[in-house]
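A short worksheet on the structure shown next.
The values are calculated or read from the model by the stated rules, or taken from the named source; none is laboratory data. Computed from a predicted structure; not experimentally measured. Methodologically, a virtual Cβ is constructed for each residue, glycine included, from the backbone with ideal geometry; neighbour enumeration extends over all protein chains shown. Just the protein is used for accessible areas: all its heavy atoms, side chains included, with ligands, DNA and RNA removed. Shrake-Rupley method; radii C 1.70, N 1.55, O 1.52, S 1.80 Å.
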Amino acid sequence: MAEADTTRVPADQKKGLDMQKLLAPLALVIIYVFFAIFGRNFFSYTTLVNILDSSYYIGFLGIGVTFVIITGGIDLSCGTVMMAAAIIGGTAYKTWGWPMWLSLLLILFIGVIFGFFNGFLISRLGLPPFIATLGTQMVSLGTGSIISNVRSATFPARGAPDSWFKSFFKYITPNDFSFPTGALLLFGMAFVAYIVLTRTKMGRYIFAIGSNKDAARLSGVDVKKWEMSAYVVSGLMAGIGGIAFAAVYTTVMPAQGAGFELYAIAGTVIGGTSLSGGAGSVLGTMIGVYIMSVLRAGLPSMDLQAQYQTFFTGVVVIGAVLLDIYRIKRASEVRILTPAQQYREEVQGTIAEKTQALSLLTEEREKQLLKGEIARMKAEMNGVYRQMRSKERAEQKRQIAQEKEFEKIIKRELAQK
Amino acid sequence: MKNIDKRFAGVHALKGVDFDLYEGEIHALVGENGAGKSTLMKALTGIFPKDSGEILYLGQPFNPKGPKDSLDAGIAIVHQELNMMDHLTVAQNLFIGRESMKRKGKGWLLDEKAQNKRAAELLSRLNMDIDATEKLANLTVGKQQMVEIAKAVSHDLKVLILDEPTAALTDREIDDLFVIMRDLAAKGVAMIYISHRLDEIGVITDRVTVLRDGEYVGTEKTSELSKERMISMMVGRVIYEEPKSHSMVAPDAPVVLKVSNLNAGRLVRDINFELRKGEILGFAGLMGAGRTETMRALYGADPSTGMIEIEGTPVLIREPLDAVRRGMGYLSEDRKRYGLALRLPVSDNSVMAAYNELSPTLLLSLKKLEDTAAEFVDKLDVKTPSLQQLVKNLSGGNQQKVVIAKWLIKNSKILIFDEPTRGIDVGAKSEIYSLMTELAAEGKSIIMISSELNEILRMSDRIAVMCEGRITGFIDIEDASQEKIMHLATQRG
């Protein structure tokens, strides 16, 4: 069947996109200002550092998960992989006596290995991402516990020897002024990820795969390789997150980390990355992650404890996804206009043209004339439209009634048979 | 059915078609792709309401609002693709939605025993040798089809429509099916039999109605109708454009692509052909002849066996990636699903295959990409407000041009155009035709699959005709005619 060969007006959808892009940052600012005004002791440097502090690891995870989600996949294992990597690194340092730098490299390495594992399962063996990463979630949780022998791993406390890596994430001056360098590190990484996604082949292919995997494959894109790479990035980010976690919290407990991935995914989704793939941005993810952090820091300042924080985070996630669905639906909707609506659109078009012409006119008298004409057209349009529409509605009602009548007759006839 | 009319947005699919069917008759409905067979049946079963005309059923006006209405009235359709649940048993499939219940049908629990008995009775009444408790997945396709027929018949049926019922069956199964059809006819059930297999029509049907381009051509008794006459009724269409008079390929043009013994499943069997530089090789055939499947196998999109030589060198093509590297480009018949990333902009889509060539550096040179995209958008005259426009907002013709741009930017030598003008308006169609002619003149080789004989005759230098997974013949354009193509397209290989 021939599709209607018309170019739909994209203005509507364009607006929606811009709105979506602005909405998340706006929400972040509004929430922050809200707590700053109504929360007790919220608007302070310490709280800000707190907000930034509590976001490193979720932020890193979020960056990785963004890559995966843009391909149309999901990574449920990043949280536990992060913790497994951290605890294995800690064990290497404490129990096996590895030097700190090597232990940290090991953390990165473990993350990357799990990324490869996920990527292999999904791109080569064809497992659905949800299942594959769910499996990896459990496997990594177990691996961490096995290797650490179910003992917690403690990284050196600040000031102790080998604690130099902590300064990556928080720099404390001799006169006890703390500076959240970790935030800078996270932003730097986010910037690199942004460049990769928008300015490299890898990024383009990741978007192409998420938008239409079949078309990408038939265009000669090595879909397996690039899909795999997204999971490897996620694994690497989990590794970096592991180092950040070790730096901020010092002690890593075994069997920890389940649930972190959900915060990372939530942040990604709040930031406008579409779970169906093909659309998203790292900047959005960062904002999504900070919206959650601000909630986490802000709600206690209003005497609402942790349980409220999860509650509101959930509300924000649902809201963000609903918005996304609504936006996609509106963008892809084909409206079928009735004659009355068509008439109105047409007249509105001419009125818009005339209004534009109005601004070009300089002579006052001509302006007045044109204004009068526009007003007349509007009045006429409204009248005619109302008449046409009410006729259409009546006709519709009549048709429905007729159909019901017809159904009754059929049923009666069938009953007689 | 009298004077049935159906219009879709811009397309007049049925133009005053008449059709009549007697009790106990097997009536064939034939025509080329797009002749209106399916649309007519959809009007009869209420899937699409007709726009005008009337249907008299058992002497009464009949206006089904949907498939349920027609089913209630005793009209059922069995499609080529089976619509049943593999993991359920035959009996469960037969009575889905009207299961036997315990306590004489009034209870809350299912009565599998009674249902199996009911199913067994039905199957034996129809002389079908099928176990009612067997899982459907364990039956052959032929048996599954019979279950579908049994399901239709169980609805106290008067009219049964069979849409390409034999396409997936073996000869043995076809014989069994015909026995059951004759049996049903003897019981007074009227059947409408849609098929491309003209030989079978001669065997099983009583009368034949031919449609062409949505118009009624005629109804004849099968016994008085030869196969040649049937074909000429099907194809005798008005040709708007002159077909190509002679091949434009230079006599000494080298062979660019040679395919030997390509096999991939049921629809790609022992395919052999050569494609020369600057040639447009048309692939004609009816729906389901295996043309798209052949090209997908050749392109590495589906697994296959066989030998492929490009410019004299044997090549191994296991993935589309390999094919693209060797200079092939594929324009899918379903461009939205296989050709374009709809949510990405025009620029990204047009350079998608050529990142390596355009920007070998780590960081993409965005300007180079944009400039190239702009150059080809301009060259192909793609109507888009900007390069950043999302492809899904373009019209069909312009989307197709973006796909073509993708392969031109990649500088592919062998282009496979699968139904290049499907869903495209007339103006864009002729633009694409002249573009293809230009490309061939520049020395690119083109394989064009088309279901429109007009298009095949107008564009091809040579025509390969397929039927049921085999190439049944090649025709040089000088000797080509609609009749010859249709003859080969209905000839079982």
Of all stretches in chain A that avoid GluC sites (Glu not before Pro) placed in a DSSP loop and having at most 11 other Cβ atoms within 10 Å, the longest is A:1-332
Placing each pseudo-label 7 Å from Cα in the direction of the beta carbon, B:GLU224 and A:PHE43 end up separated by a distance in nanometres of 9.7 nm
Taking a ≥ b ≥ c as the square roots of the Cα gyration tensor eigenvalues, with a/c under 1.5 meaning rounded and otherwise prolate when a/b beats b/c or oblate if not, the range B:116-177 comes out oblate
In the protein assembly as shown, taking the dipole from +1 charges on Lys and Arg beta carbons and -1 charges on Asp and Glu beta carbons about the Cα centre, the listed residue (A:GLY72, A:SER163, A:ALA297) farthest towards the positive end is A:ALA297
Ignoring ligands, DNA and RNA, the residues of the range A:188-220 whose accessible area with a 1.4 Å probe is reduced by 40 Å² or more relative to the chain alone are A:ARG199, A:LYS201, A:ARG204, A:TYR205, A:SER211, A:ASN212, A:ASP214, A:ALA215, A:ARG217, A:LEU218, A:SER219, A:GLY220
Using alpha carbon centers only, the range B:169-218 is separated from the range A:23-56 by a whole-angstrom value of 75 Å
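Only sites in a loop by DSSP and with at most 10 other Cβ atoms within 10 Å count here; which chymotrypsin sites (Phe, Trp or Tyr not before Pro) in the range B:235-315 make the cut? Present the calculation step by step, with values, prior to reporting the outcome.
Values: sites: B:TYR240, B:PHE273, B:PHE283, B:TYR299; in loops: B:TYR240, B:TYR299.
Answer in residue order: B:TYR240.
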For chain B, using Cα atoms only, the Rg and Dmax in Å read 25.6, 82
Classified through the alpha carbon gyration tensor (a ≥ b ≥ c as square roots of its eigenvalues; rounded if a/c is under 1.5, else prolate when a/b is larger than b/c, else oblate), chain A comes out prolate
Once amide hydrogens are built 1.01 Å from N within the peptide plane, the residues lying 5 or more places from B:ILE449 or on another chain with amide H under 5 Å from its amide H are B:PHE283, B:PHE417, B:ASP418, B:GLU419
The size of the Cβ-based charge dipole (Lys, Arg +1; Asp, Glu -1) of the range B:58-135 about the Cα centre, to the nearest 20 debye, is 520 debye
For chain A, longest principal axis from Cα atoms; helix A:201-211 axis from its Cα atoms; angle between them, nearest 10 degrees, is 50 degrees
Rounded to the angstrom and largest first, Cα extents along the principal axes for the range B:347-493 equal 55, 30, 27
iface B-A | buried accessible area, total | probe 1.4 Å | Å², round 100 | 3700 Å²
For the range B:51-105, listing GluC sites (Glu not before Pro) in a DSSP loop whose Cβ sees at most 13 other Cβ atoms within 10 Å gives B:GLU81
Expressed per residue, the solvent accessible area of the range B:324-411 in Å² (1.4 Å probe) is about 39 Å²
At the level of C-alpha centres, the distance separating the range B:438-476 and the range B:47-62, in angstrom, is 40 Å
The range A:128-213 accessible area per residue, 1.4 Å probe, protein heavy atoms, integer Å², reads 50 Å²
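Roll a 1.4 angstrom probe over the protein heavy atoms and tell me the percent of accessible area of chain A that is carbon or sulfur.
With neighbouring chains kept in place, the figure for chain A is 65 percent.
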So, with points 7 Å from each Cα along the Cβ direction, the A:THR154-A:ALA394 label distance in nm works out to 8.7 nm
Gyration tensor on Cα atoms of the range B:21-67, a ≥ b ≥ c root eigenvalues, a/c under 1.5 rounded, else prolate if a/b beats b/c, else oblate, says oblate
To the nearest 10 degrees, the tilt of helix A:260-270 (Cα long axis) against the first principal axis of the alpha carbons of chain A is 30 degrees
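In deg cm²/dmol, rounded to 500, what helix-only [θ] at 222 nm does chain B give when every DSSP H run of at least 4 residues adds -39500 (n - 2.57) and the total is split over its residues?
-9500 deg cm²/dmol
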Exposed trypsin sites (Lys or Arg not before Pro) being those in a DSSP loop with at most 14 other Cβ atoms within 10 Å, the longest stretch of chain B free of them is B:384-491
When chain A is treated as a Gaussian network with springs between alpha carbons less than 10 Å apart, the largest mean-square fluctuation among A:THR173, A:THR355, A:THR313 is found at A:THR355
In chain B the accessible area split gives carbon plus sulfur, as whole percent at 1.4 Å, a share of 51 percent
Longest principal axis of chain A (C-alpha) makes with the long axis of helix A:11-38 (C-alpha) an angle, in degrees to the nearest 10, of 50 degrees
Taking 0.36 nm per residue of separation between B:SER260 and B:ALA186 and subtracting their Cα-Cα distance, the length gained on full extension comes to 21.8 nm
In a Gaussian network model of chain A with springs linking alpha carbons closer than 10 Å, the residue among A:GLN305, A:GLN256, A:GLN137 that fluctuates most is A:GLN305
Residue-ordered couplings for the range A:365-380, obtained by feeding phi - 60° into the Karplus form 6.51 cos²θ - 1.76 cosθ + 1.60 and rounding to whole Hz (Gly and Pro as x), are 5, 4, 4, 4, 4, 5, 4, x, 4, 4, 4, 4, 4, 4, 4, 4
Within chain A, excluding any chymotrypsin sites (Phe, Trp or Tyr not before Pro) found in a DSSP loop (not H, G, I, E or B) and having at most 16 other Cβ atoms within 10 Å, the longest uninterrupted segment runs A:178-417
